[in-house]
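S.K.: Take a look at this one; I'll ask things after.
The values are calculated or read from the model by the stated rules, or taken from the named source; none is laboratory data. Bear in mind that the values here come from a model prediction, so they are computed numbers and not experimental data. Backbone-built Cβ (ideal geometry, glycine too); neighbour counts: all protein chains shown.
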Amino acid sequence: NVLADQIAAGEVIERPASIVKELVENSLDADSKRVDIIVENAGLDSIRVIDDGIGIAADDVPLAFRRHATSKISSRKDLFRVQTMGFRGEALPSIASVADVELTTAQEEKAAGTMIHLRGGETLANKPAPARRGTDVRVTDLFYNTPARLKYLKSPHTELARITDIINRLALANPSVAFSFTHNGKEIFRSAGNGNLQQVVAAIYGIQAGRKMLPISGEDDDFKVTGYVSLPELTRASRQYITITINHRYIRNFELTKAIIQGYESKLMVGRYPIAVVNIDLDPVLVDVNVHPAKREVRLSKEPQLTKLISQTIRNRIATENL
Ligand code: ADP
Ligand code: MG
């Protein structure tokens, strides 16, 4: 149902960055160790995401473009993942309803792959194709059939900034995955995928920044907090350099962001914020699932306990640094 798909797309596929996010999260869900993102003209001309993940079986390829056909809900843990990762089997059909999509995939290195081509929700081709292991999705002609949405897009400069921001966050949340991001033929960012979060921080925020990050670690009965936070002398004029992940999934939560800032007590100047990448490991049962799946804003039970742990962990770490 193309119309239903377009409506669903309206909720979540607002701009090129949303497509990048959905495609990369699919690659991460597929246990990829490498994700290459190639974008032309801030995504208005083309968005391509190539991964080396588990691929899709030939029979399942058309299913992947059917609404609510997710292969991912089978346990409570998965439910949390689906919650934060988006989208309950709506991303691909939504994207395909408002663009031209070509997906090539294979499950094994030498086995035959599959190529499917959709445009405006219609399948134009679905056939065997040579492919390496993994999935290669290419999205072009974005919003060609929904001119209103095209009109809402900001300048290419702004759209590119949004794409870059989401790729940065996903790379910070997944230091064991090698990311590359190329825009108009120029490499913007690359991470090694060796699990070294500090290196990813340095690649994104600069070598100097990388040197001024402190590892943090703290836990209580319910939560484990790890990551890197900047020394109080290294700040930025915006909170957007604070990245929070839950079980290594990028989320947004106002209270947790505040808790990180409060960990610095009065050591920050007014209007200045730290650079931070903080992961919280927790039992998914503590995540409130009554939040719109497209939103990254996540609610937690025991939030006051967690904010206290975060602030304290950072406060203690910075205090040790000053000894
Ligand atoms: P969801 O991610 O919520 O399941 P999507 O529409 O994003 O829904 O994807 C639909 C299905 O297509 C997924 O459940 C998965 O089985 C398959 N899929 C999509 N992208 C990939 C990929 N890069 N690698 C392997 N499988 C994929
Ligand atoms: Mg998805």
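S.K.: State the number of residues belonging to region 22-40 that are in a loop (DSSP other than H, G, I, E, B) and more than 10 Å from ligand 1 (Cβ to nearest atom).
M.R.: The number of residues fulfilling the criteria is 1.
S.K.: Taking the conditions exactly as written (surrounded by 15 or more Cβ atoms within 10 Å (Cβ to Cβ), modelled with pLDDT of 95 or more and either outside the structural domain of N247 (by TED's automatic domain parsing) or in a helix (DSSP H, G or I) (or both)), does D5 satisfy them or not?
M.R.: No.
S.K.: Taking the residues in region 21-40 that are within 17 Å of the chain's Cα centre (by Cα), of a type outside the set (K, R) and more than 16 Å from ligand 2 (Cβ to nearest atom) as candidates, determine which candidate is surrounded by the most Cβ atoms within 10 Å (Cβ to Cβ).
M.R.: Here the residue is V39.
S.K.: I'd like to check something: does region 255-278 contain any residue that is within 16 Å of the chain's Cα centre (by Cα), at pLDDT 95 or above, buried (at least 21 other Cβ atoms within 10 Å of the Cβ) and not assigned by TED's automatic domain parsing to the domain that holds I37?
M.R.: yes
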